[in-house]
């Protein structure tokens, strides 16, 4: 018989763990304070004639008790209900108070209280243990077991219960609770405390495994901190290999499941026995603990029970949002739509999980979905499954049917529904339009539904429709709608989180984690997971880590500078541990999606250990297993492994693996399979799957009439490379390069569109016809590049490209005949020279664009020409500017697209603001009209008009008078909104205009800070310089950049020395600079600002567009 080896691994799972510094309080002082606290709590009932008598025992010979309470009627103390036994006239409580500086209390620490509890013949009915720490599960189990044999009940007041009671009463001991305690921990309604301890584990030599089996005994403890009953299910998930049984005769095991009933404020411990019944089976088993929708998986392998590292919600602002969400869901007037948005890894999902957890057992029924690209139908199917009634005719997925099912579900539900849809930045325009329609509908107001959506606004996934949804929700002023921007932690929050999570962390390591984390929960947790991977730290409980060896920590902890480098190291460490290359398999999984079925995951990983490898990846925090689905624990992991497919070797291995598993790849779309075939270098097969895109692209004649789905973009690069490899029709391949560039311009962030453009230009030049002087497709892609650069604000670079195209067109008749190209060229060049304040060239190119429009006979192009030409009169003839804008608007309404009509209506309202100087009633009417246009722009996703409307509203409030506080508040509110949307949509043209207005608002503040004003003007100047708009051109009064530059000159002239003003003027450039002598020109420029307010101006402004109180110029067009 082999000797029995006993190993203990104690892991508590207590989300209420926190730091309470009582090192300055002795055990005796602690005991005295707690006894006094009890007396104060019971003071109304304590006394010689009262129902309660309390005696504090002497410090020597107390025989296992620090106080004795005798009572003749029931009472509540620390939330625990003490009752007189039915067969007695009074009840007795022995109170034992224990202070320890370590994290938990063992049975040995208070065993004398049990063994001596009835030595003096008092036979207590209760033993009440009060401690500043927690109790290990086996201690609770044996205490309950030993005391119940003596007909005595064991009651526990642990660290969290005690702290909560002391804080409520503002007891001095509560002052020792440190500030890094998360705020919500003290207000949480209940906490399910699940602690494990594995013991008596037997290990055998391989030769003897056939004769002996393994038994594992586990103690599991539950502590209900709430005021209501809990029902807890313990389910054995791996029941093929293991048998679950309990040491208690009261526990009934049905279908590998045990039910635990837990009274309010009660603590219960169970001893479970798990027996391995299949010798060839996997050693590891899994338990699922469920309570009111809360699910926790616990995996046990070898001698250790283990929990995944799962720190609590943290950060002052994050907790505020969590509390507001809870309040909005549980009040009488519930939110109808809640929106959480922010960058990657800032904690949006964590907040929602906490809200869902704290709502368990309430009248709110949660349904959660993750929206994946092109997978809106999965949400529809989920809604259908929840709906008991079926619509008679089977309906395919579309937005209309989705709405019908949603209404049906709401009608059936007796509870309030909270439907969470995460990652809406992946949604199609149709799905976003459905959400917009819901917000605007009557159904939204009378239904028992709260729709909660989340998304990223950091351009990780550019989605113009989603950004317009953000604006729509924020524009809602009713209390039924709320939008929360989730920001990274503050430095203080991040530092507190790390100190709270890693016990006694060295200072240099704290700073390293703060740096790499970017103050995001995801970054901080990944850093800590890396330390876990290296065995530098170990899990003390599911919230906190402990350092195994401080010197070892110091020698090994070398955190990289970037999160991507950190993830590289984490993957490398996992590969080394598993001794298997799993990177291409995780990349294969990322290609399929955020989650896959458990069966598909086992198929992908079957050659590298299958289940065991998946369990290890789950333990390391890369994957999670939820309801039969294996998914990445965070979307950042899917992005990381999908980006790894850029490595040709990884991409090849990943594609071959997926294609080798027929049951996996046949679930994919034809285009996804085509992409896999391309990555696997099977080009012929790839082309056959992409043939539909090839044919549609081949038949497109006019680039501006492209009507391809935006998701086609994801497959164009593979199709282009495949067609080149197979030597397909080169003219169609060139057209594909043009179409891909166009799709990138209209569907991707401008920076990505620019890189796609550069790639396609290189391909086109490499594959140009050697017998031809030029390639028409190269010219067209260059023109799209100029378009992108203009939108990004790089005006000089765009101008250079367009002038080159213009010169080439003079030499090649084929280009000049391309009316679509030439109109776009002339229209954009007139815009460039407008911004360069060159009136002559602005008019010439405007006339050229008009000539092309007339030749084509396209009324839409004519409307563009008419609206562009109105800018000629902005400064010199505001009345004519208004009249021409009215004509242009009327023409546009008749002939232009709905987007351009909205743009022209904005032009007209802005013209009216300029012309109607000082007419308050007209400003108020304009604000109402502008808000209506803003709503229209948001609903239709007109990105440029959204920002412009917000900007115009801010200007209107400015004209109403910034001397009034409410006008200042509203002007600043809309300026900030406009800045936010201009950054989201990439409309760089607005940045400097908006910062100019922020400077004017600050100048009107009663406590104006000149430093802040200068900062706003400096920011405006930075963007002007970046966009080439510190070039004043011919100094003709056309573009608003002159207004902003004039304001900066005036600000320097009024607040700083002459030398600083002249130094600024010296750095400005214009066409005729230096022709009249440097000093003389500088004086003339300064005098033009002093005399006429606008730089380079030689006569008064007819209708100056001026902020009334300060005299500074407003800048808007």
Could you give the spread of the C-alpha atoms of segment 317-487 along their three principal axes, from largest to smallest, in whole angstroms?
47, 36, 27
Viscosity 1.567 mPa s, temperature 4 °C: give me the Stokes-Einstein translational D for segment 799-931 in µm²/s, with Rh taken as the Kirkwood radius over C-alpha pairs.
81
What percent of all Cα-Cα pairs in segment 607-719 falls into each 5 Å bin, going from 0 up to the bin containing the maximum distance?
2, 10, 15, 19, 19, 13, 10, 6, 3, 2, 1, 0
Looks like segment 326-387, by Cα gyration tensor root eigenvalues a ≥ b ≥ c and the a/c under 1.5 rounded cutoff (else prolate when a/b is bigger than b/c, oblate otherwise), is oblate
With a ≥ b ≥ c taken as the square roots of the eigenvalues of the C-alpha gyration tensor of segment 715-804, please select rounded if a/c is under 1.5 and otherwise prolate if a/b is larger than b/c or oblate if it is not?
oblate
Highest mean first, what order results for 78-85, 969-976 on Cβ atoms within 10 Å?
969-976, 78-85
Separation between Cα centres of segment 451-491 and segment 680-700, rounded to whole Å
38
Cα-based equivalent ellipsoid, segment 767-830: semi-axes from gyration tensor eigenvalues, Å
21, 13, 9
Among 753-761, 68-76, 580-588, 1090-1098, the order from most to least packed when residues are scored by Cβ within 10 Å on average
580-588, 753-761, 1090-1098, 68-76
Working from the alpha-carbon coordinates of segment 981-1053, get Rg over Rh, Rh being the Kirkwood radius.
0.99
Taking every eigenvalue of the Cα gyration tensor of segment 573-613, multiplying by 5 and rooting it, what semi-axes result, largest first, whole Å?
18, 12, 7
So for segment 404-499, considering every pair of alpha-carbon atoms, how many percent are separated by more than 19 Å?
51
Burial-style ranking of 956-962, 844-850, average other-beta-carbon count within 10 Å with highest first, yields 956-962, 844-850
Here D for segment 948-1117, in µm²/s, from Stokes-Einstein with a Kirkwood Rh over Cα pairs at 37 °C and 0.692 mPa s, works out to 201
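A short reminder: the numbers here are calculations on the coordinates, not readings from a lab. These figures come from a predicted structure and were not determined experimentally. A quick note on method: Cβ atoms are made from the backbone with ideal geometry, for glycine too, and the neighbour counts reach across all protein chains shown.
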